[in-house]
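Below is one structure, written out as structure tokens; the observations come after it.
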Amino acid sequence: MTAPEPYLGTTNRTPVRHHILSVLVENKAGVLARIAGLFARRGFNIYSLAVAPAEGNARFSRVTIVVDAESAPLEQIVGQLNKLVNVVAITDLAPKDAMERELLLATLSIVNDRSSVLDVVANAGASIVDVNATSVTVMLAGPPSACDQLEKALESFTEVELQRTGRVALPRLGQTVSA
Amino acid sequence: MQLTGAQALIKSLEQEGVDTIFGLPGGAILPVYDPILDSSIRHILVRHEQGAGHMAEGYALATGKPGVAMVTSGPGATNIVTPIGNAHMDSTPLVVITGQVATASIGSDAFQECDITGITMGITKHNFLIQSAHEIPRVVASAFYLATTGRPGPVLIDLPKDIAQSKMEWWYPTSIEELDLPGYNPEIPIDANDVARAVELIAASERPVLYVGGGTLKSHAHKELLAFAERTKMPVVTTLMARGAFPDSHEQHLGMPGMHGMYSAVTALQKADLLISLGARFDDRVTGQISSFAAGAKIIHVDIDRAEFNKVRQADVAMQTNIVAALTALEAAKAMPQNLDVWWKEIRTWQERYPLAYDEPLADGPLRPQAVIEAIAAKAAPGTIVTSGVGQHQMWASQHWKFEEPGTWVNSGGAGTMGFGVPAAIGAKVGRPDRTVWCIDGDGCFQMTAQELVTARAEGIPIKVAILNNAYLGMVRQWQEMFYEERYSEVYLSADLPDYVMWAESMGCVGLRARTLQEMYDVIDQANKINDVPVVIDFRTDSSEKVFPMVAAGASNDDIMVHPSLRGDAQ
């Protein structure tokens, strides 16, 4: 296994060296607790986690875990994770080999600065998904770095309620990945 | 054929070849205790659930077969958590069945409810909460398959009471595919490149050591080990978990390494240019300060569990396979080191200069604990099984008993569970009734689980227990003497309270006591003549005895302290 690559993005929120583990698991009760428990007791840090049924198969779920590869050697994390009986397969994606996407939702007050809100939303390429007389809810689906930028741009506004999903990822086309 | 879930569970255990269950009934497991009356399986009724777990471990370690324990929900389940954790640390195959409250009550804080699958998630290889009576056969078959293959370990099955009472149509899996374990594949084919690289490292080596761990016993590789060691002439060390994997009487055996290891075994690892680690995990009790451990050695690390590679020490070659396959491949490749004459000459010098030593026994006592162990060993039949608790007596037993074959040393290694010895001895004797079983125990350990001697007497399990009674929590006392300026804090237990002889007799055992050398020899002879009931001997030993050699916690193995009688010149 090669050493983890440094993260290529520019954000201050993402760990400097992260890896994305795409973990195929049996869709059974308690599987997420097994994974979370393993990370906790071995002292591995989870940066983000996304879980959903795997492609067209009710038997399996896909867990996308962004791990801080500085908290423990990646080899240890993968080795221990692989020992969980309900874990079927682990794909390890280095950031440079991964197509990462994340979704951000934010609700903002437009009572005082409607035009600047709309400017920020337009600049970020976000879309408005809900609106009333006092607030809008905007959505951005894109690279985590774009979500980081929008989040930073929204810092100057008041009364922001913001939620991010954590990232999902697939291998970049033409790259080989290690299991 | 229609069966209840409870009947299906017992029938499934019969299918797996289980001959003994160690357990204690209670509310939630009640339905399962009914079909036991009609089963050929022997049930041994323990006095505390911790005893059931350690008995199952002792059975497993002595026989190589999985141990089975069954308890009820709530406190029954939590009482067996320590043995499960112990088995997890020592990779002992165990199947533990716990009763659970009825499905509809789960999560409602029902009487005797606890989330035992949650509690044991981190200390089992896997656990199951059964969802329907139909899946009982698959879960039981899976539990045995998981417990005994790959890196063995404990597996827990939690069975809700209503499922035990519901009906199912009997079936049993006939193939591994039917177990439905898509994420589990214990068969790791050996990588020819790894073998080739290992052969190269061995060929270049002038100071190799075979560092043999518990995995060698778990994969039953002792014959392959003996053949490989004898052909290559490499020195062998066996860790606390591997005692018996290589005969102690063999001239290539240097003994146990580690914190209380033989000087020659510890130093050979330190000075080696190559360690071939066979199912060992570079535990801190073996390596001491990791940065100075075997600093000049290349590492060939053989283990079935890839998570052990590079966890503590970077391996030069990591071979993920069982030990039999690895040794067979190295043997087929005719792996051979350089001429080892110089290396052996050096090792023999250490062995002569720093043998295992203790002070001359005093005729009038107090007894030397090491002499007690040697006297028992001298009169013990070949193949006698020895169990122990945890502490000084455990280290002395490992040092002074000569283990010649697998399954003769049963102890708690990774977890260091005091009180392991007596119930483990009972389990070992049940598994190997043809063997004499001695528990070398400490007075502190004995007090933790001695009530299981009632079980032993009631069930006709004639074990022998030697309490090395020094009236202290001896290992803690040793540390307080050496590292806390003799400030003894909460370690005194008293030699006379309880009266171990009276206690033994009240439990239906023969109780004996020895204070002098002559009494020591006499009671051992007496104990050896008793084969129908358990025997307990209270040996009054010297409180000030310490275990040597010793490497202080966190110190370098280069700074090993030998027995004071061997000091005087530079080590």
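The values are calculated or read from the model by the stated rules, or taken from the named source; none is laboratory data. Everything numeric in this text was worked out from a predicted model, so none of it was measured. With ideal geometry, Cβ positions are generated from the backbone for all residues, glycine too; neighbour counts draw on all protein chains shown.
Checking the structure you have, find out if any residue of region A:61-68 is in contact (Cβ under 8 Å) with a residue 24 or more places away in the chain, buried (at least 16 other Cβ atoms within 10 Å of the Cβ) and more than 17 Å from the chain's Cα centre (by Cα). Checking region A:61-68: not a single residue is in contact (Cβ under 8 Å) with a residue 24 or more places away in the chain, buried (at least 16 other Cβ atoms within 10 Å of the Cβ) and more than 17 Å from the chain's Cα centre (by Cα).
Sort through B:Val140, B:Val195, B:Val237, B:Val155 and tell me the only one that's in a strand (DSSP E or B), away from chain A (no Cβ under 14 Å) and either farther than 24 Å from B:Val317 by Cα or not aromatic (Phe, Trp, Tyr) (or both).
Details: B:Val140 fails: in a strand (DSSP E or B); B:Val195 fails: in a strand (DSSP E or B); B:Val155 fails: away from chain A (no Cβ under 14 Å).
The match here is B:Val237.
Just one of (1) buried (at least 21 other Cβ atoms within 10 Å of the Cβ); (2) out of contact with any helix residue (DSSP H, G or I) (no Cβ under 6 Å at 6 or more places or on another chain) fails for B:Ile44. It is (2). Look at B:Ser39 and say whether it is of a type outside the set (A, V, I, L, M) and touching a helix residue (DSSP H, G or I) at 6+ places or on another chain (Cβ under 7 Å). Here the answer is yes, as B:Ser39 does meet what is asked. Residues that are under 17 Å from the mean Cα position of the chain (by Cα) and within 14 Å of another protein chain (Cβ to nearest Cβ) within region A:40-60 comprise A:Phe44, A:Ala54, listed in sequence order.
If B:Asn185 satisfies all but one of (1) assigned to a helix (DSSP H, G or I); (2) surrounded by fewer than 16 Cβ atoms within 10 Å (Cβ to Cβ), what's the number of the condition it fails? Tallying (1) assigned to a helix (DSSP H, G or I); (2) surrounded by fewer than 16 Cβ atoms within 10 Å (Cβ to Cβ), B:Asn185 fails exactly one: (1).
Considering only residues that are among the small types (Gly, Ala, Ser) and surrounded by fewer than 16 Cβ atoms within 10 Å (Cβ to Cβ), look in region B:108-133 and name the one that is nearest to the other protein chains (Cβ to nearest Cβ). If we take residues in region B:108-133 being among the small types (Gly, Ala, Ser) and surrounded by fewer than 16 Cβ atoms within 10 Å (Cβ to Cβ), then B:Gly122 is nearest to the other protein chains (Cβ to nearest Cβ). Residues in region B:520-542 that are surrounded by fewer than 19 Cβ atoms within 10 Å (Cβ to Cβ) and out of contact with any Leu (no Cβ under 8 Å at 6 or more places or on another chain): B:Tyr521, B:Asp522, B:Asp525, B:Asn528, B:Lys529, B:Ile530, B:Asn531, B:Asp532, B:Val533.
Regarding region B:491-505, can at least one residue be identified that is touching a residue at least 60 places away in the same chain (Cβ under 8 Å) and either on the phi > 0 side of the Ramachandran plot or among the hydrophobic types (A, V, I, L, M, F, W, C) (or both)? No, the conditions are met nowhere in region B:491-505. Among the conditions (1) touching a Gly at 6+ places or on another chain (Cβ under 8 Å); (2) facing another protein chain (nearest Cβ under 10 Å); (3) modelled with pLDDT under 90, the only one that A:Met1 does not satisfy is (1). Does region A:125-137 contain any residue that is away from chain B (no Cβ under 14 Å) and buried (at least 20 other Cβ atoms within 10 Å of the Cβ)? There is at least one residue in region A:125-137 that is away from chain B (no Cβ under 14 Å) and buried (at least 20 other Cβ atoms within 10 Å of the Cβ).
Could you say whether any residue in region B:89-105 is surrounded by fewer than 19 Cβ atoms within 10 Å (Cβ to Cβ), hydrophobic (A, V, I, L, M, F, W, C), farther than 29 Å from B:Val390 by Cα and touching a Lys or Arg at 6+ places or on another chain (Cβ under 6 Å)? Yes, region B:89-105 contains a residue that is surrounded by fewer than 19 Cβ atoms within 10 Å (Cβ to Cβ), hydrophobic (A, V, I, L, M, F, W, C), farther than 29 Å from B:Val390 by Cα and touching a Lys or Arg at 6+ places or on another chain (Cβ under 6 Å).
Does B:Ile188 satisfy being in contact with a strand residue (DSSP E or B) (Cβ under 6 Å, 6 or more places away or on another chain), farther than 30 Å from B:Trp401 by Cβ and in contact (Cβ under 8 Å) with a residue 24 or more places away in the chain? The answer is yes for B:Ile188. Residues in region A:76-96: is at least one at pLDDT below 90 and surrounded by fewer than 20 Cβ atoms within 10 Å (Cβ to Cβ)? The answer is yes; a qualifying residue exists. Among the numbered conditions (1) at pLDDT below 95; (2) under 21 Å from B:Pro257 (Cα atoms), the only one that B:Gly568 does not meet is (2). Scanning region B:202-234 for residues that are of a type outside the set (Val, Ile, Thr) and not in a helix (DSSP H, G or I) returns B:Ser205, B:Glu206, B:Arg207, B:Pro208, B:Leu210, B:Tyr211, B:Gly213, B:Ser219, B:His220, B:Ala221, B:Lys233, B:Met234. As a summary of the residue check, A:Lys152 satisfies the conditions (1) over 21 Å from the mean Cα position of the chain (by Cα); (2) without any contact (Cβ under 8 Å) to a residue 12 or more places away in the chain; (3) not in a loop (DSSP other than H, G, I, E, B) except for the one numbered (1). Against the test of being assigned by TED's automatic domain parsing to the domain that holds B:Ala204 and in contact (Cβ under 8 Å) with a residue 40 or more places away in the chain, the options B:Ala325, B:Ala332, B:Ala363 yield a single qualifying residue, B:Ala325. Taking the listed residues B:Gln338, B:Gln320, the one that is touching a helix residue (DSSP H, G or I) at 6+ places or on another chain (Cβ under 8 Å), modelled with pLDDT of 95 or more and more than 14 Å from chain A (Cβ to nearest Cβ) is B:Gln338, with no other qualifying. Screening A:Val25 on (1) within 8 Å of chain B (Cβ to nearest Cβ); (2) without any contact (Cβ under 8 Å) to a residue 60 or more places away in the chain shows it passes everything except condition (2). Entry remark, region B:291-306: residues being within 14 Å of chain A (Cβ to nearest Cβ), over 24 Å from B:Ser556 (Cα atoms) and part of a strand (DSSP E or B) number 1 in total.
A count restricted to region A:69-98 and to residues that are part of a strand (DSSP E or B) and either more than 7 Å from every other protein chain (Cβ to nearest Cβ) or under 19 Å from the mean Cα position of the chain (by Cα) (or both) stands at 6. In a residue-by-residue description of region B:126-134, the property of being in a helix (DSSP H, G or I), at pLDDT 95 or above and not polar (S, T, N, Q) applies to at least one position.
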